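Structure, as structure tokens:
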Amino acid sequence: MSGRDTIFALSSGQLPAAIAIVRISGSQAGAALCGLAGSLPKPHVSSLRKIVNPISKELLDEALCLWFPGPHSATGEDIAEIHCHGGRAVVQAIELALAGIEGLRPAEPGEFTRRAFTNGRMDLAEAEGLSDLLFAETELQRKVAVRAAGGALSRKVESWQQSVLQLSAAVEAELDFSDEDDVTPAHLEKVQGAASNLSDEFLAILNRPRAEKLREGVRVVLGGPPNSGKSTLLNALVEREAAIVSNIAGTTRDVIEVPIAIAGIPFLLIDTAGVRDRGAEEIERIGIERARQQFQLADIVLWLGPEGEGPKTSEVVEVASQRDREDFQPKAPGSLAVSPVSGAGMADLVDKLLKLSENIVCRGDELTANKRQAEHLAQAQCHLAEIVHQSDYLIIAEHLRMIRAALDAITGRSGTEDMLDTLFGKFCIGK
């Protein structure tokens with residue numbers, strides 16, 4: 001499909017709804033709106049118009065129309081919007097009327113946002129933030145995504161680019177006006193010091209949790225032998241019967257995943273088969289092997305089994321469950337004793353999970369990077385580290401060039417089509 005086509009799509013929520021927004025973007029957006037509404041409203045001012053099929057002259061609806069001339073619009077192109085009644089038949093009739101206009105076609109997923117990126121209305125880091133915002137389900141996810149979509153990382157990258165450009169200019173000046181063997185120690189130390197400071201800034205962000213972890217949730221795996229109370233504890237944490245509870249050993253045979261938000265932080269609670277070395281039949285043994293695989297992937301393991309016998313591959317919290325039972329056996333000091341039945345100790349367990357999550361997911365008030373952005377930032381940091389110990393201005397200049405390229409990749413100035421297709425393909429049709 002050509003980027004020069006004029007596109008249209010429903011850009012509001014699922015139908016039916018009180019109001020639906022049909023958006024048109026492209027060079028023929030104004031003509032299309034004139035065809036349906038009779039004339040263009042004043043820019044950025046809503047106007048009540050009768051919406052008519054330009055071919056059959058049939059009245060389709062009475063709606064508010066808006067006109068946003070490019071390049072100062074969401075996509076950088078001319079944009080028209082029809083805010084109509086949100087019945088399915090109304091929207092379908094308007095879309096059919098638009099499809100009948102030569103040069104107009106339905107938009108593809110994410111095409112409005114992609115045009116905004118192509119036309120310089122947002123960069124790649126902001127587009128990724130918008131994608132996260134569309135899928136945000138918790139308050140913390142929303143806060144982090146709003147910062148990214150608002151250009152927090154992009155502005156930081158721009159300031160880094162300016163610093164690197166100044167260093168490049170200074171190095172090029174030395175190459176132009178100094179002999180190869182005439183390296184000014186003071187000037188070299190200044191360049192190396194600036195590179196060291198930038199490197200520290202990059203490392204501070206690289207050492208923070210990745211943005212993806214906030215979207216995926218903190219993986220909390222409940223582990224222990226059969227009948228240790230894992231499923232009962234899971235149900236108590238999610239406050240519903242998500243897992244089958246039974247006194248029969250081996251009831252839980254497969255992995256059960258339940259997403260939940262606690263204090264705005266996303267968690268993925270995972271119940272697993274009871275782990276035992278003897279007495280398990282074939283299907284249960286498969287479940288036990290899957291449980292051990294989950295231990296490897298976990299951020300946190302709540303271990304309900306014998307103390308010290310839990311997995312050694314992640315953060316393990318010793319939990320003594322079933323404290324309401326007469327035969328309850330507490331664990332050593334520092335462990336948690338809980339009763340999912342009576343609720344005793346559950347608040348302490350939740351507090352423990354929230355405390356551990358602080359080092360696993362990013363905070364809403366700090367700058368963070370996703371995996372793709374962090375890879376480019378790590379490349380730039382490696383080149384900065386090389387400059388700190390380098391005295392050859394030619395080599396320093398090349399490192400600075402590579403740093404600029406890596407920072408450009410973060411904001412999409414050097415992005416590839418395949419990567420862009422993947423990103424914008426995740427958006428809904430009207431975005």
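Summary of values
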read-out: Residues satisfying the stated conditions in the range 208-232, i.e. polar (S, T, N, Q) and either part of a loop (DSSP other than H, G, I, E, B) or under 21 Å from GLN293 (Cα atoms) (or both); value: ASN227, SER228, SER231
read-out: Residues satisfying the stated conditions in the range 1-24, i.e. farther than 15 Å from HIS83 by Cα and of a type in the set (S, T, N, Q); value: SER2, THR6
read-out: Whichever residue in the range 25-50 is assigned to a strand (DSSP E or B) and touching a Gly at 6+ places or on another chain (Cβ under 9 Å) and, among such residues, is surrounded by the most Cβ atoms within 10 Å (Cβ to Cβ); value: SER25
read-out: Residues that are surrounded by fewer than 18 Cβ atoms within 10 Å (Cβ to Cβ) and either over 12 Å from GLN92 (Cα atoms) or without any contact (Cβ under 8 Å) to a residue 40 or more places away in the chain (or both), drawn from the range 8-23; value: GLY13, GLN14, ALA17, ALA18, ILE19
read-out: Residue in the range 76-96 that is under 30 Å from GLY120 (Cβ atoms), open to solvent by 30 Å² or more (accessible area, probe 1.4 Å) and in a loop (DSSP other than H, G, I, E, B) present; value: yes
read-out: The range 335-384 - residue that is acidic (Asp, Glu) and closer than 30 Å to PHE202 by Cα and, of those, least open to solvent (accessible area, probe 1.4 Å); value: GLU366
read-out: Count of the range 248-273 residues which are modelled with pLDDT under 80, small (Gly, Ala, Ser) and touching a helix residue (DSSP H, G or I) at 6+ places or on another chain (Cβ under 8 Å); value: 1
read-out: Answer residue from the range 180-207, given it is part of a loop (DSSP other than H, G, I, E, B) and open to solvent by less than 70 Å² (accessible area, probe 1.4 Å) and is modelled with the lowest pLDDT among those; value: VAL183
read-out: Conditions (1) on the phi > 0 side of the Ramachandran plot; (2) touching a strand residue (DSSP E or B) at 6+ places or on another chain (Cβ under 6 Å); number of the one not met by GLY343; value: (2)
read-out: Count - residues of the range 121-135 that are within 8 Å of the chain's Cα centre (by Cα) and open to solvent by 30 Å² or more (accessible area, probe 1.4 Å); value: 3
read-out: Any hit, the range 392-408, residues being under 23 Å from the mean Cα position of the chain (by Cα) and open to solvent by 10 Å² or more (accessible area, probe 1.4 Å); value: yes
read-out: Count of the range 208-224 residues which are open to solvent by 10 Å² or more (accessible area, probe 1.4 Å) and either farther than 27 Å from ALA273 by Cβ or modelled with pLDDT of 90 or more (or both); value: 7
read-out: Given (1) charged (D, E, K, R); (2) in a strand (DSSP E or B); (3) closer than 16 Å to PHE112 by Cα, number of the condition ASP61 does not satisfy; value: (3)
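Here's the yes/no breakdown for (1) in a helix (DSSP H, G or I); (2) modelled with pLDDT of 90 or more; (3) more than 30 Å from GLU158 (Cβ to Cβ):
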position: ARG323; (1), (2), (3): no, no, yes
position: GLU326; (1), (2), (3): no, no, yes
position: GLN329; (1), (2), (3): no, no, yes
position: VAL341; (1), (2), (3): no, no, yes
position: ASP365; (1), (2), (3): no, no, no
position: ALA374; (1), (2), (3): yes, yes, no
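The values are calculated or read from the model by the stated rules, or taken from the named source; none is laboratory data. It should be emphasised that the depicted structure is a prediction, and the values quoted were computed from it without experimental measurement. Don't worry about glycine lacking a Cβ; one is built from the backbone with ideal geometry, like all the others, and counts go over all protein chains shown. For accessibility, only protein heavy atoms count, side chains too; no ligands or nucleic acids. Shrake-Rupley method; radii C 1.70, N 1.55, O 1.52, S 1.80 Å.
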